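Written out below as structure tokens is the structure these notes cover.
A short reminder: the numbers here are calculations on the coordinates, not readings from a lab. Please read all numbers here as calculations on a predicted model, not as lab measurements. As a convention, Cβ positions derive from the backbone with ideal geometry for all residues, glycine included, and neighbour counts pool all protein chains shown.
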Amino acid sequence: MRAKENPFKPTAGGEPPLLIGRKRVIRDFEKGLDNGVGAPGRIMLITGARGTGKTVMLTVFGDRARARKWDVIEETASEGLCERLVNELRSKDSVLDHFTIKPSVNFAGAGISLGEAELSPKRMPETLRKAMSGRLEALEKRHAGLLITIDETQAAERSDMIAMATAIQHQIRERRNIAIVFAGLPQMVSDLFNDEVITFLRRARTNVLADIPVNEVRDAFAETFTASGMTITDEQLRTAAEATSGYPYMIQLVGYHIWDAADMRESDVIDDEDVHGGISEARTDLDNAVCIPELHGLSPKDREYLEAMAPSDGAVSTAEVAERMGKSANYAATYRKRLLDAYVIRETERGEVDFAVPFLREYLRRTAA
């Protein structure tokens with residue numbers, strides 16, 4: 001009897017049933033934990049386009065670390081990141097919560113909050129280092145380590161990254177049992193890590209999450225459908241795999257909707273209508289979750305630039321984009337820069353650009369007036 005639970009998980013950040021094409025990255029991380037202090041995989045950077053599974057990797061890494069009895073702190077970069085890290089680092093050591101209590105003393109009638117002073121940007125590197133050292137000392141007593149994961153690193157404030165780099169570097173010099181993984185979009189993270197003040201983080205082992213080869217997608221579909229009790233033909237598998245273009249989020253969407261279509265018929269056999277209908281539903285979900293939000297807030301001229309890129313199947317010269325817009329190169333360059341800054345497009349070679357958001361080209365082609 002087939003399982004009733006859909007094995008595909010397109011929810012953002014949820015761990016999919018098969019981590020297609022990610023075994024090497026996971027092995028790098030696990031080896032880092034197992035090989036001890038100084039192993040390359042203990043400082044890692046995970047990058048890739050939106051929807052390639054960066055958050056999923058952090059979830060998996062946290063599970064692997066917990067299986068080794070490590071403590072895990074999972075954070076997302078935003079304002080107040082280091083303050084939250086200090087709070088979490090202290091939480092298991094019964095240390096007073098400086099964010100709640102904020103003890104104060106008076107000098108010549110002037111009130112000074114010790115908690116606020118300790119958490120000021122100027123003092124934060126020292127504060128974070130001490131909090132990290134205290135947690136690691138406690139963990140050493142039970143021969144355990146600490147993993148910190150930071151998602152959406154591109155949104156981190158420079159002062160927070162400096163504080164983290166300072167604290168981590170100190171722990172490594174002290175041969176503490178610590179690992180840290182950053183995840184974020186490629187260009188944003190590249191800009192941040194090239195900051196001269198944060199050069200230490202350039203030592204991070206970098207893993208770029210690329211699209212999955214279609215033949216591997218097909219094999220994964222075959223394994224997953226069969227394991228869940230569904231029968232699917234080779235031709236249906238090929239059609240489904242090709243529809244994903246190897247994009248991890250689309251893989252989950254296509255699999256989910258095909259499986260769900262058969263399940264709605266209470267059938268264990270996938271038919272062609274399930275496949276075509278499932279692919280159509282997946283495209284709609286992808287449009288709503290990825291493409292439409294990316295276009296929201298862009299100006300009409302920004303979108304015009306993207307629409308001028310869309311007829312090309314890959315990278316296109318900026319001169320050709322300007323020509324399609326009927327504008328001068330200088331005029332078009334203004335919108336090119338805006339889109340690069342928003343990470344909607346990316347530079348490939350000098351004078352060429354391509355879409356940074358998967359399937360946005362296809363969406364613009366389908367919705368062109």
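Worth pointing out:
- Cα-based convex hull volume of the range 151-266 per residue, rounded to whole Å³: 148
- Degrees between helix 81-91 axis and first principal axis of the chain (Cα, 0 to 90, nearest 10): 60
- Nearest 10 degrees, 0 to 90: helix 54-67 Cα axis against the chain principal axis: 50
- With Cα atoms, 0 to 90° folded angle of helix 158-173 axis to the chain main axis: 70
- With 0.36 nm allotted per residue and the present C-alpha distance subtracted, the residue 39-residue 284 stretch has 83.9 nm of extension available.
- Environment charge of residue 329, counting only residues whose C-beta is closer than 13 Å and scoring Lys/Arg +1, Asp/Glu -1: +2
- Read-out log10 I(q)/I(0) by the Debye sum over Cα atoms at q = 0.07, 0.15 Å⁻¹, derived from the coordinates shown; its label in (1) -0.31, -1.23; (2) -0.40, -1.24; (3) -0.33, -1.40: (2)
- Each of 149, 314, 276 was placed along the dipole of the chain (beta-carbon charges, centred on the mean Cα), and the one lying farthest toward the positive end is 149.
- Using a simple spin-label model with pseudo-atoms 7 Å out from Cα toward Cβ, residue 195 and residue 276 lie 5.3 nm apart.
- Fluctuation leader among 62, 278, 351 - the chain, Gaussian network, Cα springs under 10 angstrom: 351
- Additional length obtainable on full extension of the chain from residue 123 to residue 268, 0.36 nm per residue less Cα span: 46.0 nm
- Over 31 Å between alpha carbons, listed pairs 23/69; 31/130; 23/301; 54/337: 23/301
- Here residue 365 and residue 235 are evaluated by their C-beta separation; at R0 = 30 Å the FRET efficiency comes out at 0.70.
- Residue 260-residue 76 FRET efficiency (beta carbon distance; Förster radius 41 Å; 0.05 resolution): 0.85
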